[in-house]
């Protein structure tokens, strides 16, 4: 069982290591997608108001090297300055500067350390790296659901060395996704797109018994169509999972729904499917209109190009305007509804893509397991 955050009187003056997920999009040295940061502010403000001294840690992207400026968390710090009164930034994870700032923190102050992935010990789950992080604080709080499927030093290993607790966002994610997986009202519809079938196969398998229909779009649909014998020419697909897709088409043939028309991009030697077509959009919207619960992950086409964004946008509007409880996960999909300014019309928007999928597949996430141990 996860331990809730301690009451405020037990936090005053304590140094709290808070693992957040600030792996956000940065454009021209500014945060361009703020959802994950704003969702984490509840826990952060609780700790600040309790008089804790907060050491805030996160990763950003996949740094090419130590000190890679394109993966610096400084733009996140610049954004957080507009939300908090007293926050400092350390341009390192460990070292004299970090030690000095942490030592001089007063009650209610915060320091954000540099990108954890600048040190290889983070992703390797290093005991030594976790010990060094632990030495900075009196307790640890995980509020980073989106990376809790990673067995990394600041996510799971760290719990061996400090009293550990679940933040408000982490608890919110677990409660919401548990409701979806165990108590979804029928008809329950899955809307799955994007490129990676491998991430979603186990979700289909785990939820299929309670699901009425599974609407497939995006590059994921190309693999399923190819597995069913349809010529997809040069369309993006996953050859390694064609046999699995064929097996699922047989096992769930009464539930899986594939596009019946697509928007093509022609090449000299063939074509690529880039978006679902008008007939498919109308068919999917009809199914969505009858649903009581909907889970959506993955865009319906190559929506980064506005020419191929119609499928994603129309499905987004159909889900958001339906009377169903609507759950959404995945960075590209959340980005699409943020761009459309309809995020608040969904019942539950997860900050995790891969983590949400693994949770719904029935897997035990290392970050959550570590908090329970």
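The values are calculated or read from the model by the stated rules, or taken from the named source; none is laboratory data. None of these values were measured; they are calculated from a predicted model. With ideal geometry, Cβ positions are generated from the backbone for all residues, glycine too; neighbour counts draw on all protein chains shown.
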Just checking, which of 100, 131 is over 26 Å from residue 367 (Cα atoms), in the same structural domain as residue 39 (by TED's automatic domain parsing) and either surrounded by fewer than 18 Cβ atoms within 10 Å (Cβ to Cβ) or in contact with a strand residue (DSSP E or B) (Cβ under 9 Å, 6 or more places away or on another chain) (or both)? 100
Restricting to the range 334-359, name every residue that is under 22 Å from residue 41 (Cβ atoms), touching a strand residue (DSSP E or B) at 6+ places or on another chain (Cβ under 8 Å), part of a helix (DSSP H, G or I) and touching a residue at least 40 places away in the same chain (Cβ under 8 Å). 334, 343, 356
Among what's in the range 24-59 and is modelled with pLDDT under 95 and part of a loop (DSSP other than H, G, I, E, B), pick the residue that is nearest to the chain's Cα centre (by Cα). 24
Condition broken by residue 148, with the remaining ones in (1) in contact (Cβ under 8 Å) with a residue 60 or more places away in the chain; (2) within 22 Å of residue 8 (Cα to Cα) satisfied: (2)
With the requirement that a residue be within 14 Å of the chain's Cα centre (by Cα), in contact (Cβ under 8 Å) with a residue 40 or more places away in the chain and part of a strand (DSSP E or B), what does the range 312-333 give you? 327
Hits in the range 135-153 - residues which are part of a loop (DSSP other than H, G, I, E, B) and under 17 Å from the mean Cα position of the chain (by Cα): 143, 144, 148, 149, 150, 151, 152
Read through the list (1) more than 21 Å from residue 204 (Cα to Cα); (2) in a loop (DSSP other than H, G, I, E, B); (3) at pLDDT below 95, then give the number of the only condition that residue 362 fails. (1)
Check whether at least one residue in the range 281-295 is under 18 Å from the mean Cα position of the chain (by Cα) and either modelled with pLDDT under 95 or on the phi < 0 side of the Ramachandran plot (or both), and report yes or no. yes
The condition from (1) part of a helix (DSSP H, G or I); (2) closer than 16 Å to residue 329 by Cα that residue 194 misses is numbered (1)
Of the residues in the range 201-213, those that are in contact with a helix residue (DSSP H, G or I) (Cβ under 9 Å, 6 or more places away or on another chain) and surrounded by fewer than 23 Cβ atoms within 10 Å (Cβ to Cβ) come to 201, 202, 204, 205, 206, 207, 208, 210, 211, 212, 213
Checked the range 155-169 for anything out of contact with any strand residue (DSSP E or B) (no Cβ under 6 Å at 6 or more places or on another chain), closer than 22 Å to residue 10 by Cα and assigned to a helix (DSSP H, G or I); matches are 159, 160, 168, 169
Please work out which one of (1) within 23 Å of residue 335 (Cα to Cα); (2) outside the structural domain of residue 121 (by TED's automatic domain parsing) is the condition residue 30 fails and give its number. (2)
Residue check: is residue 367 in contact (Cβ under 8 Å) with a residue 40 or more places away in the chain and in the same structural domain as residue 284 (by TED's automatic domain parsing)? no
Tally of residues being in contact with a helix residue (DSSP H, G or I) (Cβ under 7 Å, 6 or more places away or on another chain) and buried (at least 24 other Cβ atoms within 10 Å of the Cβ) across the range 263-287: 4
